[in-house]
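Everything on this sheet refers to the single structure shown next.
All of the numbers you see were taken from the coordinates with simple rules; none came from a lab. All of these numbers come straight from a predicted model, not from anything done at the bench. Cβ placement follows ideal geometry from the backbone for every residue including glycine, while neighbour counts extend to all protein chains displayed.
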């Protein structure tokens, strides 16, 4: 029976069960006496074990079985839950996730899990898992000697090694161990391969080269080579690579190879699996109401949901974008011809395509919990590493975002949460001395407002020290003393988003190097969003992110400058205005206007974008007032054309660094209009 047809479903469902295990284990940590939680984890593990065995992934099934035995002992009151036991079960889930990911990447799902299995067996016997560490250390020396026997060879590799030996070459397995503090593991791997390729021919790597390049390994890897050099020479040459801790070179005999080949001749077959990402679509989704369903209801109503390859949705979206461009063209032709029947047909087409647009965008919407789900486990581990007590609260996880935005927002949120844990929340001793609860709270909130999604990370920690931030900014030359004197609190807080800025007294593994928050800011702004910070010293901080619901189809105000058309996103516009020439003032070599009691700088787009044409002194100027956070600017254009929905298209690889232009669109008359990046202009 060919199992390949079920592989995609197996991977998706395995990830769901493991995510459920992670969530329930965190709940169990808070309520160790609640057996119903243990039963939930047991059910997920039991299902995963059955699925793995059916698909032929025995290593996955065996580890799940060992974990299942521990859970069974807990629910039958033979073992009492404690942090030591939960740590081991979490480690087992980590290994299971790595094995499933290996299968998703086209691998065989195999992994050395002997250490965690040993701990699980000890727990099952009622012993402390800490005892396993001592036993593992004793076994380490033997492990070094037997590393070579772990690599398995397929039929082709076996033939190559056999023929090489017949031609006078020696076959070696070179096991390399990098230092624990090695920062650039992929670079060291490259240097090792460079040396080995000079002295022989590389036959195989374990883990595979792709995983080594992406640093998807701990500290050790094994390379099989054929060479005429001696073991000692190979060892000496590889040891010259900096940050290499140990090198073991083992001769491979034909008997070893035959044993390996007989044991596993089909290993490479699994690499042919092409695993594509899928997304669940709910057939009952109401496109008019935009009604949201929780992940649990979607999961259980399997008869009403289907799994669709995300690539198909991308193709559908691209086709619809072309339809939107043609719709604009038809509307233009209809206006030019002024034919009533054509008017009516085009209006009906516009309504239908509008409904179709809502359906397609809703299909691409994914609950933000797909990103949020990873954070409780991360917070638990970080809190332990930092010796802090922290409770993470998640609000609005069902809030939906376009999948393209979801893909990009994960890393910025990781940086912000790590920052809140390290810099925000104080240690229990300091919190107690300040009259606070020993346990700090971090609240992660998501909600919709208009055409935007807001994500907030709030902590009840120490807050941001205005004077400390200013002093650091002045010392680094980020601001001048003159500018610092006039800055509001919010403007000062946002200085921490500057590149290389850090107020940490000491650098830790978590943060303090001055990298991270500037990346957060640039990533969010590249998505057409913004980030703002509010804080109260001694009471905590709030980082607020504003993001567009979708990135591909946007509403814009079309404007004209010297017969060139520019589109300004409506999400950035406050209002449009007509300004008299005598109302324009000069301040610090900058033309400004008084807009509702605020001084707003004027930016003449014909000058910024160097639009060719004769500049005439007009009595009145057309101005678009745009905003980014607390900052505003007035964009001066020749005339307003009107509001329109357009398809945002990239400028391509040749025009990646065009200032203040985020993309382009094709209008109804076939002309290309550039889309203005208001965030870049205001900066």
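Brief remarks follow.
- Point-to-point label distance, residue 536-residue 195, nm (Cα→Cβ direction, 7 Å offset): 5.9
- Ordering 10, 501 from the fewest to the most neighbouring beta carbons within 10 Å gives 501, 10.
- Residue-span extension gain [residue 219 to residue 447] - 0.36 nm each, minus C-alpha spacing: 77.9 nm
- Segment residue 519-residue 330, extension gain: residue separation times 0.36 nm, minus the distance between their alpha carbons: 63.8 nm
- The calculated FRET efficiency for the pair residue 36 and residue 468, based on their C-beta separation and a Förster distance of 56 Å, comes to about 0.70.
- Residues 94, 336 arranged by fewest to most Cβ contacts within 10 Å: 336, 94
- When the convex hull of its Cα atoms is projected in every direction, mean area for the stretch 369-548 (nm²): 10.4
- Convex hull projection area averaged over all views, the stretch 634-683, Cα basis, nm²: 4.4
- With the biggest extent put first, the Cα atoms of the stretch 447-488 measure 39, 26, 17 Å across the principal axes.
- Put a dot 7 Å past the Cα of residue 156, heading toward its Cβ, do the same for residue 482, and the two dots end up 6.9 nm apart.
- Distance from the stretch 1-51 to the stretch 392-445 (C-alpha centre basis), Å: 26
- Efficiency of FRET between residue 187 and residue 341 - r from beta-carbon atoms, R0 56 angstrom, step 0.05: 0.25
- Spin-label pair residue 27/residue 398, simplified geometry with 7 Å Cα→Cβ offset, distance in nm: 1.6
- Extension gain, residue 599 back to residue 437 (0.36 nm per residue minus Cα-Cα distance, nm): 53.9 nm
- Whether the stretch 553-682 is rounded, prolate or oblate, judged on the alpha carbon gyration tensor where a/c under 1.5 counts as rounded: prolate
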